[in-house]
1. When the residues of the stretch 50-83 are filtered to those that are hydroxyl-bearing (Ser, Thr, Tyr) and at pLDDT 95 or above, which remaining residue is farthest from residue 3 (Cα to Cα)?
2. Show the residue pairs meeting these rules: Cβ distance below 7 Å; 6+ apart or different chains; first residue within the stretch 136-153 and touching a residue at least 12 places away in the same chain (Cβ under 8 Å); second residue in a loop (DSSP other than H, G, I, E, B) and among the hydrophobic types (A, V, I, L, M, F, W, C).
3. Residue 97 - would you say it is over 23 Å from residue 121 (Cβ atoms), without any contact (Cβ under 8 Å) to a residue 24 or more places away in the chain and small (Gly, Ala, Ser)?
4. Can you give me the number of residues within the stretch 33-49 that are among the acidic types (Asp, Glu) and either within 11 Å of the chain's Cα centre (by Cα) or modelled with pLDDT of 95 or more (or both)?
5. For the condition aromatic (Phe, Trp, Tyr) and over 21 Å from residue 165 (Cβ atoms), what is the one hit in 76, 39, 18?
6. Would you be able to tell me the number of residues in the stretch 123-141 that are surrounded by fewer than 22 Cβ atoms within 10 Å (Cβ to Cβ), aliphatic (A, V, I, L, M) and assigned to a helix (DSSP H, G or I)?
7. Taking the condition of being part of a helix (DSSP H, G or I) and in contact with a strand residue (DSSP E or B) (Cβ under 6 Å, 6 or more places away or on another chain), how many residues in the stretch 168-185 meet it?
8. From the list 12, 19, which residue is part of a loop (DSSP other than H, G, I, E, B), surrounded by 12 or more Cβ atoms within 10 Å (Cβ to Cβ) and in contact with a Ser or Thr (Cβ under 9 Å, 6 or more places away or on another chain)?
Amino acid sequence: MGKKVIGILVGSLRRDSFSKRVGAHLSGLLEERYQIKFFDIASLAMFNEDLEPESNLPQEWRYFRQEVKNVDAVLFITPEYNRSIPPVLKNALDIASRPYTENAWSGKPGAIVSISPGPSGGFGANHHLRQTAVCLGICMMSQPEAYISDVSSVVDEGGVSDEKTQDLLKNFADAFADWVDKLAG
């Protein structure tokens, strides 16, 4: 049997985003135990129920839904936009949750790392995402939580540069691995 697959969904489209750098760091911590799949959500058309009939369904939606179904667990890395999650992340959640009878997220172990340039560490985004995840049936890891505040001082072009943040993410990745192994058995 092959390695379990962890899908990493980064809620930022910016080419050199802090979220992508944190995701790459976490990928490095997890890749020995798991196969890692980064989801590309940039090309997903905004959710519109008029596109739901099979004859109108965008190919990108079909592909993304299948990608989500194919992973064993999902790790979300989200920046905070106005105390919530970015629209592109919410859009991806909505697309893979449909049709209702085929919610691709349901039952998957999940975890969240939120980031912010301010002192909150993305607390609002983290908890809004948790609220949506409960509705979608994602089995979200509750502890430890990961909020990265003042992200510009702990992440640079090379990745996560701050030792304290590296330790936080190592502990988080270890706990997430245990969570995945427990639930995705």
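1. Ranking the candidates gives 78 first.
2. From the stretch 136-153, the pairs are 136/105; 137/105; 138/105; 148/154.
3. Here the answer is no, as residue 97 does not meet what is asked.
4. 1
5. After ruling out the rest, the residue left standing is 39.
6. Residues flagged as surrounded by fewer than 22 Cβ atoms within 10 Å (Cβ to Cβ), aliphatic (A, V, I, L, M) and assigned to a helix (DSSP H, G or I) within the stretch 123-141 amount to 3.
7. 5
8. Going through 12, 19 in turn, the sole match is 12.
The values are calculated or read from the model by the stated rules, or taken from the named source; none is laboratory data. The structure presented is a predicted model; accordingly, all values stated were derived computationally and were not measured. All Cβ positions, even for glycine, are placed from backbone atoms using ideal geometry, and neighbour counts span all protein chains on display.
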